[in-house]
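S.K.: Handing you this structure, nothing more for now.
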Protein chains: 2
Amino acid sequence: MASAAGWPLDERGVAYGDGLFETVLVREGTPQLWEAHLARLARGCKVLDFPLPPRSALEHPLTQAGQELAVLKLILTRGSGGRGYAPPASPTPRLRWQLSPFTPDAARWQAGVRVRYCRLRLGLQPVLAGLKHLNRLENVLARGEWSDADTAEGLLCDSDGRLVEASCMNLFWQREGRLETPRLDRCGVAGTLRSVLLECLPIAEVDADPDVLASAEAVWLGNSVQGVWPVARLDSPDGEPLHHWTIGTEHRRLQAIAHDLLGYPTRLDD
Amino acid sequence: MASAAGWPLDERGVAYGDGLFETVLVREGTPQLWEAHLARLARGCKVLDFPLPPRSALEHPLTQAGQELAVLKLILTRGSGGRGYAPPASPTPRLRWQLSPFTPDAARWQAGVRVRYCRLRLGLQPVLAGLKHLNRLENVLARGEWSDADTAEGLLCDSDGRLVEASCMNLFWQREGRLETPRLDRCGVAGTLRSVLLECLPIAEVDADPDVLASAEAVWLGNSVQGVWPVARLDSPDGEPLHHWTIGTEHRRLQAIAHDLLGYPTRLDD
């Protein structure tokens, strides 16, 4: 199910990636973490300086959702424009959407995942940091670094070597009993699950280099669509194993709180 | 004049800016600096890892060009894809084009231009540096920093404070008689006019901080569509004047060589 039309030739979303997107878990027609998605979209519109459509327009696709679990992808662009980077003085933003059936990977919730470090480093761009904008070539290149099905995700550092995120998930770890996640004020996407977890748990946003994971008692990846995956193994960019974690009760607490927010199972076996 | 269709809803060019573009000056049906444009497009396809269309497809739009001066904009994307950053294993790249009449700004060739420093700093991304890819939000934000018609361009530094380029033109200067331009191995777009000038003139690619311009005898901006603009005045991000240059014979040499390459006037008065 999707909005009827595609994109016109002069769409600035294609020309410059001049827009934003949201990927929303929809359960029985109800968008999960919807306020957090709307808040991030509003922040993006403010930074890019074009108007946020009315809530009714953003919620219209939900009228098409059935009872099954689905993912709603919203793309909001600055709309049409002439040649040249200068934003039109009075842009008419364009909203398109797609609604797709979705089944989460329950095996990954249960057994945890294997991840690897990516070679690609994220550039620093504080003005755009945290936003889910359409300039995502770094993520595409990072995701292109592995093709084996055993590797679930890739961890990314910034150009200064600090840990940031995974290619499409946020990163969390526990060290000496404390929950931590990388600060996202220079690059990276501030996930909606991350933002809600930060509100309800004592998770510290930190500057950290990759060494921190070696001393972590538990590591997780999470986003608002997939839920939370415990990390069982971390590999080098060549796929050589660097660290292993035994998935235990330590991992289940953060996962249970996140899954409760998303309507996913909260009681998983160790 | 344009390729008939727009873009489908699942176009990765919109979703992730997953593609490349070229903006080509077309004179009497002949694309100027065409080999340099094709070479940059080929480099981009190699980095993004999708096939370059055959030359005949890239040149097809030229059959629609009349005798008047025009700009051909080519956009080449990875094409359609599902949800998720992972590039399709066998992408079918999509090519779209627009051909528009064009009149260069002869007054800027003659009198030179006023430019300003932008506040925005470009993030470092060596993998994508030099390419004309579709992730151009930094350029859009930079171009949004001024709206007065007296300011022709904005100069950009990278996140380490080094000079890189202008929002849609490359930067050149002369210092102690030597021609220099910023290295573009960490960020920025390597313009086709710049690449051809580097082949035919002793222009040094340097790491330089903005101070270098204070001691420059001449400063220019140039690209393959507009030709070369001498810089007459450089402002702060607030529009406060920092430096002035008197446009003289010093400026006309580089301009004449560039304009000869593009078929623009080579003899301009001082």
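S.K.: If you line up the long axis of helix A:249-262 against the longest principal axis of chain A, both from Cα atoms, how many degrees apart are they, to the nearest 10?
M.R.: 20
S.K.: Right, here's the next one. Once phi is turned into θ = phi - 60°, what whole-Hz ³J(HN,Hα) does the Karplus curve with 6.51, -1.76 and 1.60 give for every residue of region A:143-151, x standing for Gly and Pro?
M.R.: 5, x, 7, 9, 9, 6, 5, 6, 8
S.K.: Step by step: find N for region A:123-248, compute 2.2 N^0.38 Å, then divide the Cα radius of gyration by it. What's the final number?
M.R.: Ratio of Cα Rg to 2.2 N^0.38 Å: 1.00.
S.K.: What is the distance in Å between the Cα centroid of region B:216-248 and that of region B:138-199?
M.R.: When both Cα centres are located, 11 Å separates them.
S.K.: In a shell of Cβ-Cβ distance under 11 Å around residue A:239, excluding residue A:239 itself, what net charge do Lys and Arg (+1) and Asp and Glu (-1) give?
M.R.: That sum, taken over residues with Cβ under 11 Å, equals -3.
S.K.: Would you mind counting up the charge near residue B:8? Only other residues with Cβ under 15 Å from its Cβ, with Lys and Arg at +1 and Asp and Glu at -1.
M.R.: +4
S.K.: Taking springs between alpha-carbon atoms closer than 10 angstrom, which of B:107, B:204, B:190 fluctuates most in the Gaussian network model of chain B?
M.R.: Highest fluctuation among the options: B:107.
S.K.: Apply the a/c threshold of 1.5 to the C-alpha gyration tensor of region B:214-270 and tell me whether it is rounded, prolate or oblate.
M.R.: Note, shape of region B:214-270 comes out prolate.
S.K.: Still on this structure: Under a 5 Å amide H to amide H cut-off, with H placed in plane at 1.01 Å, what residues pair with residue B:231 once short-range neighbours are removed?
M.R.: Correct list: B:113, B:219, B:220, B:221.
S.K.: Still on this structure, I have one more. Is it possible to state the helix-based mean residue ellipticity at 222 nm for chain B, with each DSSP H run of 4+ residues giving -39500 (n - 2.57), the sum divided by total residues, to the nearest 500 deg cm²/dmol? What is it?
M.R.: Calculated from helices alone, the mean residue ellipticity at 222 nm is -6500 deg cm²/dmol.
S.K.: Here's another thing I want to ask about it. Give me a comma-separated list of calculated 3J(HN,Hα) values for region B:42-56, in order, Karplus coefficients 6.51, -1.76, 1.60 applied at θ = phi - 60°, integers in Hz, x for any Gly or Pro.
M.R.: Once θ is set to phi - 60°, the couplings for region B:42-56 become 5, 4, x, 4, 5, 5, 7, 6, 9, x, 6, x, x, 3, 4 Hz.
S.K.: I would also like to ask the following. Quick one: among A:48, A:137, A:124, which has the greatest mean-square fluctuation in a GNM of chain A with alpha-carbon springs under 10 angstrom?
M.R.: A:137
S.K.: Is the shape of region B:152-224 best called rounded, prolate or oblate, per the rule: a/c under 1.5 gives rounded, else a/b larger than b/c gives prolate, else oblate, with a ≥ b ≥ c the square roots of the Cα gyration tensor eigenvalues?
M.R.: Note, shape of region B:152-224 comes out rounded.
S.K.: Counting Lys and Arg as +1 and Asp and Glu as -1, each charge on the Cβ, what is the dipole of the protein assembly as shown about the Cα centre in debye, to the nearest 20?
M.R.: 1080
S.K.: For residue A:132, list the lysines whose Cα falls under 18 Å from its own Cα; do not include residues on the same chain fewer than 8 positions away.
M.R.: Straight-distance partners of residue A:132: A:46, A:73.
S.K.: Next question, about the same structure. Could you tell me which residue out of A:91, B:189, A:149 lies farthest along the dipole of the protein assembly as shown toward its positive end? Charges go on the beta carbon: Lys and Arg +1, Asp and Glu -1, centred on the Cα centre.
M.R.: A:91
S.K.: Now for a different question. What would the Debye formula give as log10 I(q)/I(0) at q = 0.05 Å⁻¹ for the alpha-carbon point model of the protein assembly as shown, no solvent?
M.R.: Treating every Cα as an identical point scatterer, log10 I(q)/I(0) equals -0.22.
S.K.: Of all accessible surface on chain A at a 1.4 Å probe, what whole percent is carbon and sulfur?
M.R.: About 49 percent, which is the carbon plus sulfur part of the accessible surface.
S.K.: Next up: Quick one: which residues, 5 or more positions from residue A:206 or on another chain, have an amide H under 5 Å from its amide H? H modelled 1.01 Å from N in the peptide plane, none for Pro or chain starts.
M.R.: When sequence neighbours closer than 5 places are left aside, the close amide H contacts are A:181, A:183.
S.K.: For region B:7-14, just list the computed ³J(HN,Hα) in residue order, Karplus coefficients 6.51, -1.76 and 1.60, θ = phi - 60°, integers in Hz, with x standing in for Gly and Pro.
M.R.: Karplus values, whole Hz, x for Gly and Pro: 10, x, 4, 9, 5, 5, x, 7.
S.K.: Measuring from centroid to centroid over Cα atoms, what is the spacing of region B:1-69 and region A:9-41 in Å?
M.R.: First find each Cα centre; the distance between them is then 29 Å.
The values are calculated or read from the model by the stated rules, or taken from the named source; none is laboratory data. Just so we're clear, the structure is a prediction, and the values are computed from it rather than from any experiment. Virtual Cβ from ideal backbone geometry, glycine too; neighbours counted across all protein chains shown. For accessibility, only protein heavy atoms count, side chains too; no ligands or nucleic acids. Shrake-Rupley method; radii C 1.70, N 1.55, O 1.52, S 1.80 Å.
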